[in-house]
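The values are calculated or read from the model by the stated rules, or taken from the named source; none is laboratory data. Given the structure is predicted, the values throughout are model-derived calculations rather than measurements. All Cβ positions, even for glycine, are placed from backbone atoms using ideal geometry, and neighbour counts span all protein chains on display. The area values use the complete protein model at the heavy-atom level, side chains included, leaving out ligands, DNA and RNA. Shrake-Rupley method; radii C 1.70, N 1.55, O 1.52, S 1.80 Å.
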Amino acid sequence: MFYTIRKAILCAIWGLLLLGGWRLYANREVFRPLVDLVRVSREMTFAQTPQPIIGQMTGQVIQVTAADTFRVRNAAGTVYHFRVDGVDVPQPGDAQTRDQARLWTHCRTNLSSLILSNQVRIDITSTNLNRGGWGVVYVNGTNLNLKLVEAGTAQINPNYLKSLPLKEQYAFLVTQKKARELHRGIWKSTRQTQRD
């Protein structure tokens with residue numbers, strides 16, 4: 001009799017486990033954010049080497065010269081030439097086809113629409129002798145680097161990613177993953193490759 005009760009209990013437990021497993025499988029989309037978090041966390045660097053900010057500047061953007069480069073005029077009227085730091089964008093010299101040339105033009109136009117004639121704040125990370133340098137750009141408090149990645153006109157430079165706090169690393173990686181999945185900008189060619 002105890003043997004029969006034990007067997008019935010074991011069958012009931014296995015049945016509940018199978019039913020629970022089937023329910024989890026049927027509702028697996030609920031776990032998508034957790035799966036994404038695990039995938040993104042694999043790319044995150046927990047040993048951070050913060051990139052020093054050597055200065056800060058505000059001014060109005062007066063010209064966009066490339067997909068990641070622009071001229072800015074400060075309050076004194078001096079013009080500086082800056083490049084967005086931490087992202088890689090298509091370069092005009094790399095364009096070998098018309099589609100690549102169009103992509104470069106699209107990336108430059110996107111940067112123009114985001115910052116041209118706007119006030120920007122630049123956290124300067126490096127400078128040169130010609131009144132120029134590299135920096136993290138903010139437009140109305142919004143990180144321009146992240147906006148470029150979101151639009152698919154730039155991708156994250158892995159060395160730059162290591163210098164960010166974990167929360168920002170996560171934001172950049174999730175944004176780039178989303179742009180890649182939606183085949184935006186530089187990621188459009190991945191859709192064509194997948195179709196072939």
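Summary of values
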read-out: Scan of the range 100-122 for residues that are over 11 Å from L144 (Cβ atoms) and touching a residue at least 24 places away in the same chain (Cβ under 8 Å), ordered by number; value: L103, W104, H106, C107, R108, S112, L116, S117, Q119
read-out: Residues of the range 106-141 classified as in contact with a helix residue (DSSP H, G or I) (Cβ under 9 Å, 6 or more places away or on another chain), open to solvent by 70 Å² or more (accessible area, probe 1.4 Å) and over 20 Å from V79 (Cβ atoms), total; value: 1
read-out: Top-ranked residue in the range 64-83 [being at pLDDT 90 or above and among the polar types (S, T, N, Q); ranked as nearest to V137 (Cα to Cα)]; value: N74
read-out: Cross-chain or 6+ apart pairs with Cβ under 7 Å, the range 62-75 first and in a strand (DSSP E or B), then open to solvent by 40 Å² or more (accessible area, probe 1.4 Å) and charged (D, E, K, R); value: I62/R71; I62/R73; Q63/R71; V64/R108; T69/R83
read-out: Elements of type helices (runs of 4 or more DSSP H) in the range 84-196, at least 3 residues being at pLDDT below 85; value: 98-115, 158-161, 166-181, 188-195
read-out: Every residue from the range 4-42 that is aromatic (F, W, Y), at pLDDT below 85 and farther than 30 Å from K162 by Cα; value: Y25
read-out: Selection within the range 51-74 - of a type outside the set (S, T, N, Q) and open to solvent by 20 Å² or more (accessible area, probe 1.4 Å); value: P52, I53, I54, G55, M57, I62, R71, R73
